[in-house]
Amino acid sequence: MSVIKGVKRVNSSFCFAGLVCSALLIAPNVKAAEYYFGVGTSHIEGGLLGLEKGLSSESTTFTMKNSHTSLLESRFFYDYSISYAFPSEELSLQTSQLSSDGGAANFPTTQFKLNMFDAQATLGYDIRRWGERDYIGMGMSLGIAFPTIENAGSSANGSEIQNYFSAPVPIANGDAVDVNLVASKTEFSGYRLGPKFNFMRSWNDRAAWYGEISYAPQTVKVKNETFGTSLEVDGDFLFMNLGSRYLLWNRQPQKLGLFTVGPKAFMDIGFTHSQLRLDKFSLDLSGNNYQFVESHFIFRNTAFYVGLVVTLF
């Protein structure tokens, strides 16, 4: 009997959604290049044995994106972003966790290492549009996420893998056991489709402020090769971004063959917050198949960033 609950069969549309999103993200765009560097905090909590109380660490974020871009000078627009976040250090855990029966599992100091890759592409329409830097838009965003969590521990052996697939082991109320985790890597891969709202409003000829928010249900595949697990869990994804853009320099447009080129450079400063939340499940990383209370899994990343934006046309 497996200790993992609240899951369903793999949906074949996962592959299709990933391919569509990948095609959108690699589409060439010569109009603008945007690169962002951010520092902030990453937090993981729940779902995996040893993460009942959660762990937080300072993190670094790199993003390549193309913001709100009009299609053929119409009110229709598209955007995309590719982001990679990782903590600046491994996360240390030394705590205990209660089982379903009230007993406790005590852990030695354990290292966790996590990474987060996320990408999304949006196609939308400007509800109101006053100019290039003044608009209110709505669209549908297709996204993919690939968080990974590596935990330190002992090397897996045959008996531990066999225990994992045995009947769940209770820990009686009042009892306590010392638990060593098995070194493994838990991979999350998921797709989502949901609405997105964005806006930009200029202050003056050089400065503007902008924001965007998107929310979508997300189905995530959870895989741990050490224990031979592969399952799907439902959840949701929330993304928010608020910042300001300042024009650094602007060259007068010049005719270059069939094109009119007028390079501009901007600096962006802002704040982002993203959260991936999965419904209740439980994955025992010790290989003992102890009965633990199912809990939500949360991966949260918050960052302050600076960015450089260069446009050619």
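The values are calculated or read from the model by the stated rules, or taken from the named source; none is laboratory data. All values derive from a computational prediction rather than experimental measurement. Neighbour counts are summed over all protein chains in view; Cβ atoms, including those assigned to glycine, are modelled from backbone coordinates with ideal geometry. Side chains are part of the model used for accessible areas, which takes the heavy atoms of the whole protein and leaves out ligands, DNA and RNA. Shrake-Rupley method; radii C 1.70, N 1.55, O 1.52, S 1.80 Å.
Details
- Residues in region 160-199 that are at pLDDT below 70, farther than 27 Å from ASP279 by Cβ and among the hydrophobic types (A, V, I, L, M, F, W, C): ALA172 alone.
- When region 125-156 is filtered for residues that are surrounded by 15 or more Cβ atoms within 10 Å (Cβ to Cβ) and more than 21 Å from ILE213 (Cα to Cα), the ones remaining, listed by number, are THR148, ILE149, GLU150, ASN151, ALA152, GLY153, ALA156.
- Filtering region 173-198 to residues that are open to solvent by 20 Å² or more (accessible area, probe 1.4 Å), out of contact with any Cys (no Cβ under 8 Å at 6 or more places or on another chain) and either among the aromatic types (Phe, Trp, Tyr) or outside any strand (DSSP E or B) (or both) leaves ASN173, GLY174, ASP175, ASN180, ALA183, PHE197.
- Check on LEU51, at pLDDT below 90 and on the phi < 0 side of the Ramachandran plot: yes
- Cβ-Cβ contacts under 9 Å between residues 6 or more apart (or on different chains), taken from a first residue in region 59-72 that is touching a residue at least 40 places away in the same chain (Cβ under 8 Å) and within 17 Å of ASP134 (Cα to Cα) to a second residue that is polar (S, T, N, Q) and open to solvent by 30 Å² or more (accessible area, probe 1.4 Å), are listed as THR69/ASN29.
- Scanning region 208-253 for residues that are free of Cβ contacts under 8 Å to residues at least 24 places away in the same chain and either part of a strand (DSSP E or B) or hydrophobic (A, V, I, L, M, F, W, C) (or both) yields LEU248, TRP249, ASN250.
- Looking across region 208-232, the residues that are open to solvent by 10 Å² or more (accessible area, probe 1.4 Å), modelled with pLDDT of 95 or more and farther than 14 Å from GLY143 by Cα come down to TRP209, TYR210, GLU212.
- Residue ID - nearest to THR311 (Cα to Cα), chosen from residues in region 267-293 that are of a type in the set (D, E, K, R) and open to solvent by less than 30 Å² (accessible area, probe 1.4 Å): ASP268
- Subset of region 294-310 that is more than 30 Å from VAL233 (Cβ to Cβ) and buried (at least 17 other Cβ atoms within 10 Å of the Cβ) - its residue that is modelled with the lowest pLDDT: VAL309
- Counting the residues of region 234-283 that are at pLDDT 90 or above and among the β-branched types (Val, Ile, Thr) gives 2.
- When ALA105 is tested against the conditions (1) open to solvent by 20 Å² or more (accessible area, probe 1.4 Å); (2) part of a strand (DSSP E or B); (3) at pLDDT below 85, the lone failure is (1).
- Considering region 45-64, the residues that are open to solvent by 20 Å² or more (accessible area, probe 1.4 Å) and more than 23 Å from THR110 (Cβ to Cβ) include one that is farthest from the chain's Cα centre (by Cα), namely MET64.
- Residue among SER74, SER67, SER22, SER42 that alone is within 17 Å of the chain's Cα centre (by Cα), among the hydroxyl-bearing types (Ser, Thr, Tyr) and modelled with pLDDT of 75 or more: SER42
- The single condition among (1) under 29 Å from SER286 (Cα atoms); (2) modelled with pLDDT of 75 or more; (3) touching a Gly at 6+ places or on another chain (Cβ under 7 Å) that GLN97 does not satisfy is (2).
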